[in-house]
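The block underneath contains the structure these notes are about, expressed in structure tokens.
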Amino acid sequence: MEYLPGVYLYTPPEGEPAPSIFDVPRSGREYPPGFHSTAPFADVHFLVSHYVEELWALAPKSGSGLLYATFVNNFIDANRSEHDIDPEVLNEPWPDRIAPSEKTQSIGMGLIHSRARGHRLYPEGLTVAEVKRRIENYWRPYHDRLSGLLAERRAASGIAYHLSCHCMTSIGPAHAHDTGQRRKDFCLSDRHGTTSSREFIEMIAESLRKRGYSVTFNDPFVGAESVRLHSDPANGIHSVQIETIKEIFMDDYTFVKRPDFDRIQQDMGEVAAEIAAYARGQAS
């Protein structure tokens, strides 16, 4: 394993590498030194995507690399653009370009989360220097490593396949278009066909469906920064975001794993093996 303290843990493939990389950007549970918020800890911690790195932990056994951001996403969110900065989080003007996303403007979930379940995380605001420190010491090293891993696979095989792994609430929350509705087991996202070939995303869907799981495409999520930033289908890098409903592997509110967590993990290991086999089959 390769560990950059407080930033990422990379588990290399066992045996011959496949041209496939899994990344888990929002499941870290390490609170960096100096992190402080006046919001209740339960609300701060609620937004962590628990156990996703465990859900896909078997992927390296079939030849894929697994990169996991170990820092908590409320400190800095690796699945947001470095320009997705909420002015509410700052106590002084930002000197460079900012581009707050719709989600940032509506619920405060930008690069640096400004709110957590209705609570302001930093009522007194953060300095520009502090936000830039988080970008340079956490966000950028993570994305640089992911970019490097995909470039290595692309150079070796002529192609690379990238799975960005997440989890989602089981029932659509108040701010979502599917409020109150039970979601499907998995949402596969390619930003409406711009980050991956249709064949690859359909292959993943079929692998899940034959194990009894339900699947949607680009609903309720279209794919965020990790797939946007690293995909380049025209040049052989295909990225798909995969969201797993929390209900099938843990309790949404207590974060307690379901008794059959190991079975779900085994299923994901089999899906990962099929992804690796597909990736090898597409290599030049």
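Taking the alpha-carbon distance from residue 132 and a cut-off under 29 Å, which lysines remain once sequence neighbours fewer than 8 residues away in the same chain are dropped?
103
Put a dot 7 Å past each Cα toward the Cβ at residue 35 and residue 129; how far apart are the dots in nm?
Placing both labels 7 Å beyond Cα along the Cβ direction yields 2.3 nm.
Let a ≥ b ≥ c be the square roots of the eigenvalues of the Cα gyration tensor of the chain; is it rounded (a/c under 1.5), or, if not, prolate (a/b larger than b/c) or oblate?
The shape class here is prolate.
With a Förster radius of 30 Å, plug the Cβ-Cβ distance of residue 103 and residue 263 into 1/(1 + (r/R0)^6) and report the FRET value to the nearest 0.05.
0.35
Given the Cα-Cα distance of residue 177 and residue 284 and 0.36 nm per residue of separation, how much length would full extension add, in nm?
Net length gain for the segment: 34.3 nm.
GNM on the chain, C-alpha springs below 10 Å: top fluctuator among 88, 102, 206?
102
Within the range 211-237, list the residues whose amide N lies under 18 Å from a label point set 7 Å along Cα→Cβ of residue 252.
214-216, 219-221
Taking the chain as a Gaussian network, where each spring joins two C-alpha atoms under 10 Å apart, which residue of 128, 215, 44 fluctuates the most?
128
Quick one: helix 140-157 against the long Cα principal axis of the chain, what's the angle to the nearest 10°, folded into 0 to 90?
Approximately 20 degrees, to the nearest 10.
So, counting K/R as plus one and D/E as minus one, what does the shell of residues with Cβ under 10 Å around residue 247 add up to?
Taking every other residue near residue 247 into account, the sum is +1.
For the Cα atoms of the chain, what angle does the longest principal axis make with the long axis of helix 198-209, in degrees from 0 to 90, nearest 10?
Its long axis makes an angle of about 90 degrees.
Expressed as an acute angle from 0 to 90° and rounded to the nearest 10, what is the orientation of the C-alpha long axis of helix 261-282 relative to the principal long axis of the chain?
60 degrees
Only the coordinates and a few stated rules stand behind these numbers; no lab work does. This structure is a prediction, so every number in the text was calculated from the model and none was measured. Using ideal geometry, Cβ is built from the backbone for each residue, glycine included, and neighbour counts are taken over all protein chains shown.
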